[in-house]
1. Can you tell me which residue among A:Thr36, A:Thr54, A:Thr28 is in contact with a Phe, Trp or Tyr (Cβ under 9 Å, 6 or more places away or on another chain) and not charged (D, E, K, R)?
2. Restricting the search to region A:528-540, which residues are more than 7 Å from chain B (Cβ to nearest Cβ) and of a type in the set (S, T, N, Q)?
3. Got a sec? Which of A:Lys233, A:Lys222 is among the basic types (Lys, Arg) and in contact with a Phe, Trp or Tyr (Cβ under 6 Å, 6 or more places away or on another chain)?
4. Go through region B:195-209 and give me each residue that's more than 9 Å from every other protein chain (Cβ to nearest Cβ) and either more than 22 Å from B:Gly326 (Cα to Cα) or crowded, with 19+ Cβ neighbours inside 10 Å (or both).
5. Could you list, in sequence order, all residues of region A:368-416 that are under 30 Å from A:Ser443 (Cβ atoms) and β-branched (Val, Ile, Thr)?
6. State the number of residues belonging to region A:510-542 that are touching a strand residue (DSSP E or B) at 6+ places or on another chain (Cβ under 7 Å), closer than 28 Å to A:Gln623 by Cα and in a helix (DSSP H, G or I).
7. Against the conditions (1) surrounded by 23 or more Cβ atoms within 10 Å (Cβ to Cβ); (2) over 25 Å from the mean Cα position of the chain (by Cα), where does A:Arg533 fall short? Just the number, please.
8. For residues that are assigned to a strand (DSSP E or B) and loosely packed, with under 15 Cβ neighbours inside 10 Å, tally how many sit in region A:188-209.
Amino acid sequence: MRLAYSWLKKYLDLDMPAKDLAEKIERTAVEVDSVTRGDNGLKKIVIGHILSMTTHPDSDHLHICSVDVGEDQPLQIVCGAPNVAAGQKVIVALPNSRIGGNVKIKRSKMRGVESEGMICALDEIGFSKDVVPKEWADGIYVFDDDVPVGEPVYHYLGMDDPIIDLDVTPNRGDMLSILGTVHELAAIYNQHPEIKAPVVNEDPSLRANDEIHATADHQLAKTYKLRVIKGVKIAPSPAWLQITLWNAGVRPINNVVDVTNYILMKYGQPLHSFDQDKIDGDITVRLANQGEKITTLDEEERELSTEDMVIADQKQPIAIAGVMGGFNTQIDDNTKDVVLESAIFDSFHIRKTAQRHVLHSEASQRFERGINPDTVEAAVNEAANMIQQLAGGHIAQGIVTASEYHPELPTIFITAERTNHVLGTDLSLEDIKQIFDRLGFSSESVKDGLNVTIPARRWDIHIEADLFEEVARIYGYDNLPATLPTGRQTIGTLTPTQKIQRASRQILEGLGLTQAISYSLTTEAKASMFLMRDSKLTKLMSPMTQDHSTLRMNILSGLLDDVAYNHAHKVDDVALYETGRVFYKDSDDQVRPEEVEHIAGVLTGNLTDPSWNNHVSPVDFYQLKGIVDQFITNLGVNGAITYTSTDRYPEMHPGRTADIAVHGHYVGFIGQVHPKIAKQFKIKQTYAFELNMQTLIDLPKTDDQYQAISKYPSVKRDISLLVDTSVSNDQVVELMNKRGGAFLHDIQLFDVYEGKNVPNGKKSMAYSLVYVNPRETLKDEVVTAAFEKVKKHLTDELNAEIR
Amino acid sequence: MSLRDQLTEIKQKGLADIDSTTDLKKLNEIRVHLLGKKGPITAALRGIKDLPVDERPEVGSYANKIRDAITQAVADHRENLENAVLNKQLAAETIDVTLPGKPVAQGQPHVIQQIIDEFVDLFLGMGYQVLQGPEVESDKYNFEMMNLPKNHPARDMQDTFYLSSEYLMRSQTSPMQARALEKHDFSKGPLKMISPGIVYRRDTDDPTHSHQFHQVEGLVIDRHITMADLKGTLITMAQKIFGDKFDIRLRPSYFPFTEPSVEVDVTCFNCMGKGCDVCKHTGWIEVLGAGMVHPNVLEMAGVDSKVYGGFAFGVGPDRFAMLKYGVDDIRDFYLDDVRFLDQFDKRGI
Ligand SMILES: [Zn+2]
């Protein structure tokens, strides 16, 4: 809502700078988008009088004008506007002036003829094309004759009037009008503006009820009123009205339409004007019939649905109610008789229609936010009167009323005790009463409180809490004390799950992975990758793009996108993890997906930067496995972590992927991303893991347990085996553990070798076995006996050759 | 030459020999020679018995002194020689300390996570609990329980991704407030909670809009919680998270789930309140919305609004991060460019 400061001053005694006024509004009522002035940045633009005009010798459209700008000598200005003519009072940008868009105007030559400045169109000095009247759209602006030559133009175009643009919250529809804002400012500044009821100069020889009949569905239009003005003469509005409208952001059209827009701005009451001669019979407010069509004022043909409200005559819709008028009944230059409509339309229907047809107008916005039922009639009365004054004609006596609504004014009981209890203030009942007096809410003392009656213009106020807000904001939020909640104490701690989640992030970061956050909404294809269980897709009903149409069922695909983005920006080394939800559905009938917390990571390139003393090799399966292993170990999940080779993930390398289980429970997988997938994502060789974090959280945990360190020395024995390549480390270690005896404490694999000097189909594996007896020094023969036993079993059971 | 003079000569020569030695092995030889059984002191001592009895103790003690002096001189000189050797070795071992250290792998928390953790830690310290809920919510909890019945105009304000007529991607973390209000046993104490998490809006991604972003909402409900408590809590939050010099101000606003509702500005990060382009020359930047919980929200969750009341607030960590670090494109948070993420390695300390 654009408020011209001068308009407010008609009602209120205000002398502070507009900026300060805006700040006050912002601190007390609604947000202010901006405070602007049309003349901001303009320089040396004055009213000129075209004394004479000749055609340019070398051009068929340029004219050479002699322009009086109040100086000793007239200026010679070349002008190409089609509507330029001698005798006009026009906008002149003098030499060395600055016009719209920060353009400087200098003396120049146009096709060899000197031009001392420029005669300007409105949009050239900064007006939006949207508000320039049609009359001046394709040429220069011409003033009325009574303006003083040589004076700066700004005042005569309303450009020196500060405009405060309000961003009105949905509840404060009352502030979408000058009068609503005046009431608000009156409360803020404790003033008592006089708002006069309009007088209507009716012609008793004409009766509105004889002119037109109207019916309305009361559900659709609580109030529906018409006035008739006969015999008007359509013309452009006077300059003051045009200025008022363009400062409000509305394009002036003609003296009838402009009045309806002026009233809209003043009262917040949208009006519509019909050409009576174009209406066929009686008017009715109803829902559209399926397939009914209307061509609206913007000359668009629109197909209506049964949820659109229309104003219709006998034959067809003549307006989409409250949203936009019909083309076929609009006021044109030949209109004689005008039907003025002032109504309250149902906000829900208006909102849906405005959305459906993408027709958000000044009118629809107000019907959506609410209309003051007290001024429906005042608005149409003032409009009729203004039209008569500006366009002549006769106002028919009376108002045609199809429906009417006078709401019962709510009375709310409020006490000082409750107010202070909620606001934390220390106000007396008298303080509170004064605030309501300022707001213009009548109040009556009863018992220990007040009965406050809410005027119809504040339809946002229904309950006690609404009044607390009125008190708080008029009293001033700055005056509110600042305290902390007291009373019963609470202890704030993270839950065990939250502690694990936080620890999980810290562990992975300590292991070198940086936290990523990618999008949960992705494509169908990516959502279905790296599936850890069967699941149906969960799709949005109306996505913005197919890229974000489906809920992810894995985190990895988002991380691969991240890797691709980094690769595309020449970052080869990427180590990322992400924790978040994936969404599973067991069947298509299930609407709400199950949300499972996952954690996933990717590694590509080098984990640490190569440096003069850090000769890195690219990451591989085992580097990532070390990270995952450490991660799960640090989480304290009870039981052994096992890795089983798998080819069940189509997006993973079939020979370099393992399912991970902890204590026999499947928790996820690790491996190399399938080269085909890597190619599809445009990424280099990448290793990845994804784990079901929820399972890891739910699995039983081991606490740290302290065991005294053995005082007796350990004994280490190394063993080197030659085994078939098909024998896995797990098999060897399992056997060693099984047969290693009571004192076998630790097994370390320190070498694996295949190739030269090792027969085909075989590999060499070397282990250190560490023996400890916590109770006494181990005797050499005890260790040797245990070691020999392990060797024998390795030979017997795994066909190992001990080297 | 008297025995005493002999001993003096042994001492002087011995000390001179020790002093002139540059070699540890040689020094040891000298020590063995001088103090050994076949050495000159031992030999001189043997001559004591030829002295008159009354002179013996004096010369004997003199001999012992000389032995001690030589022993001490050898030890001192050995230490000198050893130090010299060590110093030489250390000099040879000198390195260029300006060469870079060996790289280690260390990941960073996401900048938005850091901000969320800061909020979480602050509010845990003030006795709040942290509650997280589903990202797919029912219309009931996301809207209706928040005093946004179907067809409420404010629903347009937050255009929502629906999965069906009933389920949607939560557009705010406030559904957790309704869930917590329903469950909470107020006889056991007040409800003080924050709910951090991802939320979704049906927006086209551009520098200032993202269809996915984060929210941290807070709620405090008890018998006597005031708007002044809200103001004090928010001031505490601003000062703990941004610094003591930061202040806040409240402006009226509108949210269906609070009444009164306020928009909260914090001192401009860029100009510290003097006014600059970032804050449109107001000195303030809008950072969060808050208010006193609407009685309808309490009643719908089965809480008696005549007895209980309190405040709620909601902040956007994405916006906080943008303001705090001057990030001008919200999409940067979701691209996971390593060069972007690794800049935030101070972990909110
Ligand atoms: Zn600033």
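The values are calculated or read from the model by the stated rules, or taken from the named source; none is laboratory data. This is a predicted model, so every value here is computed, not measured. Note that we place each Cβ from the backbone using ideal geometry, even for glycine, and neighbour counts take in every protein chain shown.
1. On inspection, the qualifying residue turns out to be A:Thr28.
2. If the condition is that a residue be more than 7 Å from chain B (Cβ to nearest Cβ) and of a type in the set (S, T, N, Q), then A:Ser528, A:Ser535 are the ones that fit.
3. When all the criteria are applied, what remains is A:Lys222.
4. Once the filter is applied, which keeps residues that are more than 9 Å from every other protein chain (Cβ to nearest Cβ) and either more than 22 Å from B:Gly326 (Cα to Cα) or crowded, with 19+ Cβ neighbours inside 10 Å (or both), region B:195-209 yields B:Ser195, B:Pro196, B:Gly197, B:Val199, B:Arg201.
5. A:Ile371, A:Thr375, A:Val376, A:Thr411, A:Ile412, A:Ile414, A:Thr415
6. Adding up the residues that qualify gives 1.
7. (1)
8. 3
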